[in-house]
Amino acid sequence: MERVKPIQRNASAATAGEQETYRPELVTDDEPRYLRRQKPVEIRRKKFSGKTWPFYRRVLVGTVIGGVFVATVGFAARYLLYSPQMLLLKPDQIVAKPPILFPTHPQWSSYATAWTQGHLGRYLLNSLIVTTVIVVGELVTSIAAAYAFAFLDFPFKKTLFIVFLATMMVPLEVTFLTNLNTVVSLGWYNTYFGLTIPFLATGFGAFLIRQAFLGLPGDLRDASKLDGANHWQFLRAVALPVARPAVAALGIFSFFGAFGQYLWPLIVTKDDRLRTVQIGLKFLANSQINNFNVIFAGTVLAALPLFVLLILFEKQLVRGLTAGAVKG
């Protein structure tokens, strides 16, 4: 087989900017693949495309988008900065034009008026009692169900888990009348049982904790069996400490959901001594129609437990939401 002599690069041609090109007639079929010359990669300047916008158009569009964004943020910040000052203004000063940004005579009595006339102390106590019972009940039932679905073997395990997940797609309004008839028939109407028992279990909690349990290494379960640990000991000493971020996140979600309920406590109770703070805010707004500062003060007092909980458990909430999102 006649072998073709490789092309010698000319220094003068290289200096002049010439590039050798690939000539297919120099390659024979009998020549080994590793001896074949490869086509040199040519770096070409990207040509201007007609679809590319000119520079001035890009600057114009960017300016318009930036202006809209700044205007939107400024419009929202106006209310965020002005709303807390409404607590310190008189009712006639709130609707004054131009608005008063810095009150000369702050009205600190708005909080006391909202607390006393709105009976927020009793309403907040009822909300905390109901919310605590619901959160504890959801955590207990969710952890138990998640452990069963994650570590135990029983018939129709996958089918029952799908049924649990299906309950997440059923809104409260669908089962509202059924739950109300059940509560009335059991004699729980206008009691704490009627406010709490229908919400002691949730499919979302079982799903969230189960996913955290499935992230446990199998070696931990095998090692606990070799040490003679039963299910309760393994759950208390191994599973729960590892899944603590997910449990904390579920507790925060349950607290927010139970504390913000309005329709169910309004229907299932008739005594003001059992009603929650959301209903109390509605009564306060009806009794203080012209006193916007008092209404806003009551809203701040009602939201205070949520802010405190969010500040204290912010890290646990973030860890619970991001657990298992990144591998490696």
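Enumerate the pairs (first residue in the stretch 192-213 and outside any helix (DSSP H, G or I); second residue anywhere and surrounded by fewer than 20 Cβ atoms within 10 Å (Cβ to Cβ) and at pLDDT 90 or above) with beta-carbon separation below 7 Å, excluding pairs fewer than 6 apart on the same chain, so at least 6 apart or on different chains.
Once the first residue is outside any helix (DSSP H, G or I) and sits in the stretch 192-213, its partners that are surrounded by fewer than 20 Cβ atoms within 10 Å (Cβ to Cβ) and at pLDDT 90 or above give 200/137; 200/141; 201/141.
List the number of the failed condition for residue 128; all other conditions in (1) over 30 Å from residue 165 (Cβ atoms); (2) at pLDDT 90 or above; (3) touching a helix residue (DSSP H, G or I) at 6+ places or on another chain (Cβ under 6 Å) hold.
(3)
Any residue in the stretch 215-231 that is part of a helix (DSSP H, G or I), surrounded by 15 or more Cβ atoms within 10 Å (Cβ to Cβ), hydrophobic (A, V, I, L, M, F, W, C) and out of contact with any Asp or Glu (no Cβ under 8 Å at 6 or more places or on another chain)?
No, every residue in the stretch 215-231 fails to be part of a helix (DSSP H, G or I), surrounded by 15 or more Cβ atoms within 10 Å (Cβ to Cβ), hydrophobic (A, V, I, L, M, F, W, C) and out of contact with any Asp or Glu (no Cβ under 8 Å at 6 or more places or on another chain).
In the list 195, 200, 180, which residue meets the criterion of being crowded, with 18+ Cβ neighbours inside 10 Å and modelled with pLDDT of 90 or more?
It is 195.
Scan the stretch 268-283 for residues that are farther than 18 Å from residue 133 by Cα and within 29 Å of the chain's Cα centre (by Cα) and jot them down.
Answer for the stretch 268-283, where residues must be farther than 18 Å from residue 133 by Cα and within 29 Å of the chain's Cα centre (by Cα): 279, 280, 281, 282.
For the stretch 272-301, give me each residue that is surrounded by fewer than 22 Cβ atoms within 10 Å (Cβ to Cβ), in contact with a helix residue (DSSP H, G or I) (Cβ under 7 Å, 6 or more places away or on another chain) and not in a helix (DSSP H, G or I).
Result: 288, 290, 291.
Do we have any residue at all in the stretch 262-283 that's hydrophobic (A, V, I, L, M, F, W, C) and closer than 21 Å to residue 139 by Cβ?
Scanning the stretch 262-283, I find at least one residue that is hydrophobic (A, V, I, L, M, F, W, C) and closer than 21 Å to residue 139 by Cβ, so the answer is yes.
Mind checking which residues of the stretch 177-200 are of a type in the set (A, V, I, L, M), more than 19 Å from residue 123 (Cβ to Cβ) and in contact with a Ser or Thr (Cβ under 9 Å, 6 or more places away or on another chain)?
Listed by number, the residues that qualify are 183, 200.
The values are calculated or read from the model by the stated rules, or taken from the named source; none is laboratory data. None of these values were measured; they are calculated from a predicted model. Every residue, glycine among them, receives a Cβ derived from its backbone with ideal geometry; neighbour counts consider all protein chains shown.
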